[in-house]
Amino acid sequence: MNKWTRRAFIGAGTITGGGFLLGVAGFTLAPGRHTLVSADAGEHGQLTTWITVTPDNLITILIPHCEMGQGTPTALAMMAAEEMNADWRLVRVQEAPALDEYANGYIIRTLSGDYVPAVMARGVDYGAFKIAQWFGFQVTGGSTAVRSTGEYGMRVAGAAAKEMLLTAAAQQFGVSMAECTAKSGRVLHAASGRSASFGELARAAAALPVPTSPALKNPDTFTLRRTAVPRLDIPSKVDGSAIYGIDVSVPGMLYAAVDFAPVQGGRVVHVDTKPAEAMRGVKKVLVLEEAVVVVADSFWRARKALAALTPEFHDGGNAGVSSETIFAAFDAALGAPPQMPATAATVVTADYKVPFLAHAGMEPISCTARVDGSHCDVWTGVQDPLNARSTAAKALGFENEQVTVHNQLLGGGFGRRLPFNFDYVDLGVRIAKAMSPTPVKMIWTRENDTQHDYYRPAGMSRHAGALDANGVPLAASSFYAGGGNGEAVFMPYAIPEKDADAKDAAHPIRLGQWRSVLNSQHGFFKESFIDEMAHAAGKDPFEFRRTMLNQQPRFKAALEKAAAMSGWGTPLPAGEGRGIAICESFGTIVAEVAHVSVSVAGRLKVLHMYAAVDCGDVVNLDTATAQVEGGIIFALSAALLGEITIKDGRVVERNFRDHQMIRIVDAPLVSVEFIRSNALLGGLGEPAVPPAAAALTNAIYAAAGVRVRELPVKKTPLVKQA
Amino acid sequence: MAITLTVNGTEHLLDVEPDMPLLWALRETLGLTGTKFGCGIAACGACTVHLDGRPVRTCTLPISAAVGKRVTTIEGLAQHGTLHAVQQVWVDAQVPQCGYCQSGIIMAVAGLLAQTPNPTDDEIDASLTNICRCGTFARVRKAIHQAAAPRTEGAAS
Ligand code: FES
Ligand code: FES
């Protein structure tokens with residue numbers, strides 16, 4: 001995918017001047033954003049164009065989201081191209097520049113709920129756009145790209161473009177528009193046999209007004225969507241040519257290595273900088289509030305020099321904090337388990353715990369910046385370039401307009417590179433300012449990255465459930481500490497009494513969003529507990545759930561499909577077992593079955609994971625499948641091995657030797673099937689994560705009779721105690 | 001001290017310390033950024049290149065150990081504009097997600113197939129210890145078998 005540059009921006013403007021640009025305002029429902037791009041829009045930075053058609057028939061689609069491995073730009077381009085009836089082979093994508101005009105307000109609309117009365121739609125979209133612009137959001141996160149930008153932006157833009165091309169063709173042929181059809185990048189007039197390519201029509205079409213409410217295609221007539229179109233970014237990812245943030249090269253740049261105060265909230269007290277200053281390649285040692293930084297002519301030299309220093313750090317008063325103290329506080333906050341009805345024949349109780357988790361994207365954090373007089377350029381990979389820009393501006397005391405963010409490919413985001421987690425942009429520009437006007441690339445080591453993350457919150461829950469004499473649930477309630485929300489704690493089951501209440505226990509560990517956010521904790525909690533209730537009732541865990549889903553047909557269909565895929569109920573050899581779990585997050589329902597084996601010695605192997613996914617409808621079948629496959633592996637890695645431990649106020653884990661990730665030897669087969677329910681499009685980047693841990697531990701129970709109530713699984717011996 | 005290094009068939013004269021890891025010489029001195037930094041302790045495989053055709057992790061390999069040997073990076077894997085068989089199946093099977101780990105995985109797999117043209121799953125598990133945080137493992141395995149398949153077809157029929 002091409003990256004947007006100022007030069008390309010003006011280049012596009014030149015094409016506009018030539019009259020060959022077909023502009024469609026992306027925020028079609030937003031008043032005042034319908035104007036076609038003027039000839040000199042490029043110079044004024046007022047580009048609102050999402051789709052460009054050039055005389056060579058190429059269609060370029062601007063994407064206000066980053067590529068972090070999910071194929072989002074490809075999927076969004078497919079949504080626009082489908083509506084246009086474009087020839088997919090001629091479609092190109094380009095990331096939108098980090099300018100306010102490209103704030104993706106749709107994220108807010110999607111997150112604020114799907115019911116927007118038709119008459120209100122304009123106002124809501126406009127309002128959401130305004131809010132997004134206000135806060136500077138250009139977010140790729142919350143699994144929203146396809147369901148918001150795609151549904152409300154790309155489809156409408158594509159449909160409008162098609163209507164303009166049809167109108168232009170009708171005028172040219174001297175016929176009515178209704179007699180013309182668009183197909184594979186051409187407009188045809190069947191009666192006369194005349195036709196013209198989109199490229200031939202672009203100039204005339206661009207002069208037409210942009211339709212305000214173009215007709216969208218009936219989903220039953222889609223020909224491009226639901227197919228497995230190859231991703232546009234893949235070729236550059238097999239030959240080493242893809243440029244990630246850490247790969248950026250700016251002429252004359254230096255490199256910075258960083259040593260942070262190890263304790264959360266700590267500060268540098270003192271450091272003798274001389275040993276480093278004498279070393280080869282070292283240009284400067286910076287003593288900042290939170291870190292010591294060596295700037296040198298190579299990253300390796302900077303690191304080597306940093307290792308020669310012995311800085312003293314203050315502990316910020318947090319040296320007494322540890323995982324034990326945090327969980328003890330959770331335990332105390334939770335108190336007695338929820339009250340169960342007096343009529344209960346059986347009461348089940350259980351506690352569950354999950355640890356802090358790091359994102360550990362394969363690409364360590366980096367930020368390259370140049371502060372030159374009153375302007376700053378930043379090259380980095382972020383999930384929100386607009387917020388990164390305002391972070392940089394704030395750190396420098398600049399206006400937003402004085403900062404240009406050149407967003408790069410991300411070697412994994414998983415939530416680490418979301419807005420308000422831009423400590424690395426803040427630090428990177430401060431280092432560049434100290435070295436101004438020389439550009440500096442700051443690279444974090446894996447140790448920096450592991451120990452200075454915004455962690456997935458640790459959490460603990462305390463559940464109680466009641467069954468009547470027939471094993472029918474009367475109540476299932478929980479208290480939880482460490483975070484939760486309505487979506488995360490939602491249980492779809494028809495149980496007369498369901499409650500989940502937060503109990504607070506504050507701690508100083510820095511927290512953030514981790515793939516699927518709070519659903520990753522609560523998916524494990526609630527789907528483990530319902531499994532325990534099933535076993536207490538003496539019922540099959542799948543049937544137990546299914547009988548409680550009659551009011552939730554989408555859940556029921558997904559559960560049944562996953563069970564069928566896995567051969568649920570068919571006999572397995574001794575030591576093998578299946579576990580099932582189901583969660584909804586980001587508008588998508590995912591049911592998963594894990595098939596595992598546990599040896600007599602307690603050795604676990606995850607053999608196969610099955611996922612049935614209802615995200616309404618899929619856009620790109622192959623990238624959708626890849627997201628589910630990847631989400632399951634990501635979740636399994638965390639469930640089996642993932643853990644950030646706090647001791648003496650600091651993170652214990654450092655690198656991939658003591659912070660383990662699963663590798664191919666541990667990776668199960670993954671089978672994925674989609675259910676087309678035609679419900680509102682759901683997200684796909686995250687929803688495969690929440691059910692995986694519980695499916696796994698439920699399967700371990702089926703295989704070995706050991707109930708795992710604490711993650712990661714490696715902490716529990718899997719040999720049944722006599 | 002100048003060091004002579006042969007990378008992708010071209011000889012380079014580098015003014016770097018002999019203990020500088022090959023990774024940083026490739027990335028920073030020669031600008032070959034396709035070879036990635038992931039951990040710096042030989043634990044993830046992102047930095048894998050070929051030394052005389054054998055995969056090595058360059059983040060802990062001093063440049064002096066590469067003197068007099070042929071270094072092949074991901075940029076040099078394609079020959080005369082034709083993708084290496086592993087690169088081609090990687091496109092066909094749509095393996096990469098974020099792609100950051102893939103240079104290293106492709107180099108490791110190309111090295112594996114050069115030694116073991118038709119590896120079993122156990123051989124794959126034993127030799128491929130790279131980390132991929134996006135979880136592309138199932139596709140990696142499938143693609144390895146796909147890359148191996150053309151070679152075995154003749155033998156099988
Ligand atoms: S960077 Fe060399 S093995 Fe991880
Ligand atoms: S594809 Fe992203 S880490 Fe492997």
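The values are calculated or read from the model by the stated rules, or taken from the named source; none is laboratory data. What you are looking at is a predicted structure, and each value in this text was computed from that prediction instead of being measured. Every residue, glycine among them, receives a Cβ derived from its backbone with ideal geometry; neighbour counts consider all protein chains shown. These accessible areas exclude ligands, DNA and RNA; they are computed on the full protein's heavy atoms, side chains included. Shrake-Rupley method; radii C 1.70, N 1.55, O 1.52, S 1.80 Å.
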Rg(Cα)/(2.2 N^0.38 Å) for the stretch A:565-698, N = residue count: 1.15
Once the dipole of the protein assembly as shown is set up with Lys and Arg at +1 and Asp and Glu at -1 on Cβ about the Cα centre, which of A:LEU288, A:THR325, A:ILE59 lies farthest towards its positive end? A:ILE59
Expressed in angstrom and rounded, the centroid-to-centroid distance over alpha carbons for the stretch A:398-460 and the stretch B:94-115 is 28
Quick one: order A:LYS561, A:LYS714, A:LYS441 from most to least accessible surface, probe 1.4 Å. A:LYS714, A:LYS561, A:LYS441
Among A:CYS367, A:PRO337, A:PRO230, whose Cα projects farthest towards the positive end of the dipole of the protein assembly as shown, with charges put on the beta-carbon of Lys, Arg (+1) and Asp, Glu (-1)? A:PRO230
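Report the charge-dipole magnitude of the stretch A:459-715 in Debye, nearest 20, computed about the Cα centre from +1 at each Lys and Arg Cβ and -1 at each Asp and Glu Cβ. Don't skip to the end; give the middle numbers.
Values: 25 positive and 27 negative charges, 123 e Å.
Here the stretch A:459-715 has a charge dipole of around 580 debye.
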Reachable lysines from A:LYS284, Cα under 23 Å, same-chain residues fewer than 8 places away excluded? A:LYS274, A:LYS304, A:LYS433, A:LYS441
Per residue of B:38-47, count partner chain C-beta atoms within 10 Å of its C-beta, then hand back the mean as an integer. 6
Could you sort A:285-291, B:27-33 so that the peptide with the highest average Cβ count within 10 Å comes first and the rest follow in order? B:27-33, A:285-291
Rounded to the angstrom and largest first, Cα extents along the principal axes for the stretch B:85-156 equal 36, 25, 17
Along principal axes, largest first, the alpha-carbon spread of chain B in whole Å comes out as 56, 31, 25
D for the stretch A:459-715, whole µm²/s, Stokes-Einstein with Kirkwood Rh over alpha-carbon pairs at 37 °C and 0.692 mPa s: what number? 177
Rounded to the nearest 5, the percent of antiparallel DSSP beta bridges in the protein assembly as shown equals 75
Taking Cα atoms only, Rg over Rh for the stretch A:500-598 with Rh from the Kirkwood formula is 1.03
Applying a 10 Å radius around every beta-carbon, put A:548-559, A:640-651 in order of their mean neighbour count, most first. A:640-651, A:548-559
I'd like the residues of the stretch A:334-363 whose 1.4 Å-probe accessible area shrinks by no less than 20 Å² going from the isolated chain to the full set of protein chains. A:MET362
What percent does the relative contact order of the stretch B:2-77 come to when contacts are Cα pairs within less than 8 Å and at least six residues apart? 37
The answer for the protein assembly as shown, accessible area per residue at 1.4 Å probe in Å², is 36
Could you work out the local net charge near B:THR6, counting Lys and Arg as +1, Asp and Glu as -1, over the other residues with Cβ closer than 13 Å to its Cβ? 0
Complex-versus-alone comparison for the stretch A:234-248, residues with a loss of 20 Å² or more in accessible area, probe 1.4 Å: A:ILE234, A:LYS237, A:VAL238, A:ASP239, A:GLY240, A:TYR244, A:ILE246, A:ASP247
Spacing of the two label points (7 Å from each Cα toward its C-beta) at A:ASN218 and A:VAL652, in nm: 6.2
Roughly how much accessible area, to the nearest 100 Å², goes out of reach of solvent when B and A pair up, both sides summed, probe 1.4 Å? 4500
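Express the relative contact order of the stretch B:85-156 as a whole percentage, based on alpha carbon pairs under 8 Å and six or more residues apart in sequence.
49
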In peptide B:72-79, how many Cβ atoms from other protein chains are near each Cβ within 10 Å, on average? 2
What three numbers, in Å, describe the spread of the alpha carbons of the stretch B:2-77 along their principal axes, ordered from the longest? 29, 26, 20
Test item: Cα-centred dipole of the stretch B:2-77, Lys/Arg +1 and Asp/Glu -1 on Cβ, debye: 320
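Rounding to the nearest 20 debye, state how big the charge dipole of the stretch B:85-156 is about its Cα centre with +1 on each Lys and Arg Cβ and -1 on each Asp and Glu Cβ. If you can, show how the numbers build up before the last one.
Details: 5 positive and 6 negative charges, 48 e Å.
Its charge dipole is roughly 240 debye.
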Share of Cα-Cα pairs in the stretch A:279-361 lying beyond 14 Å, as whole percent: 78
The stretch A:259-397 - Rg over Rh from alpha carbon coordinates, Kirkwood radius: 1.17
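Write down, largest first, the equivalent ellipsoid semi-axes of the protein assembly as shown in whole Å, where each equals the square root of 5 times an eigenvalue of the alpha-carbon gyration tensor.
Semi-axes from the Cα gyration tensor: 40, 38, 29 Å.
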Give me the percent of accessible area attributable to carbon and sulfur for chain B, probe 1.4 angstrom. 53
Take peptide A:626-636, look around each residue's Cβ out to 10 angstrom, count Cβ atoms belonging to other protein chains, and average those counts. 4
Using a 1.4 Å probe on the protein heavy atoms, what percent of the accessible area of the stretch A:621-705 belongs to carbon and sulfur? 50
Pairs from A:LYS539/A:LYS715; A:LYS217/B:LYS36; A:LYS237/A:LYS715; A:LYS539/A:LYS714; A:LYS353/A:LYS539 whose Cα-Cα separation, in the structure shown, is over 32 Å: A:LYS217/B:LYS36; A:LYS237/A:LYS715
Log10 I(q)/I(0) at q = 0.22, 0.23, 0.27 Å⁻¹ for the stretch A:365-439, from Debye over equal alpha-carbon scatterers, is -0.86, -0.93, -1.26
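At a 1.4 Å probe radius, carbon and sulfur cover how many percent of the accessible area of the stretch A:330-386?
49
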Please give the peptides A:584-597, A:221-234 ranked by average Cβ packing (other Cβ atoms within 10 Å per residue), highest first, as a rough proxy for protection. A:584-597, A:221-234
May I ask you to derive the relative contact order of the stretch A:459-715, considering only C-alpha pairs under 8 Å and at least 6 residues apart, and to give it as an integer percent? 22
Which one of B:ALA2, A:VAL600, A:ALA693 is farthest out on the positive end of the charge dipole of the protein assembly as shown, using unit charges on Cβ (Lys, Arg +1; Asp, Glu -1) and the Cα centre as origin? B:ALA2
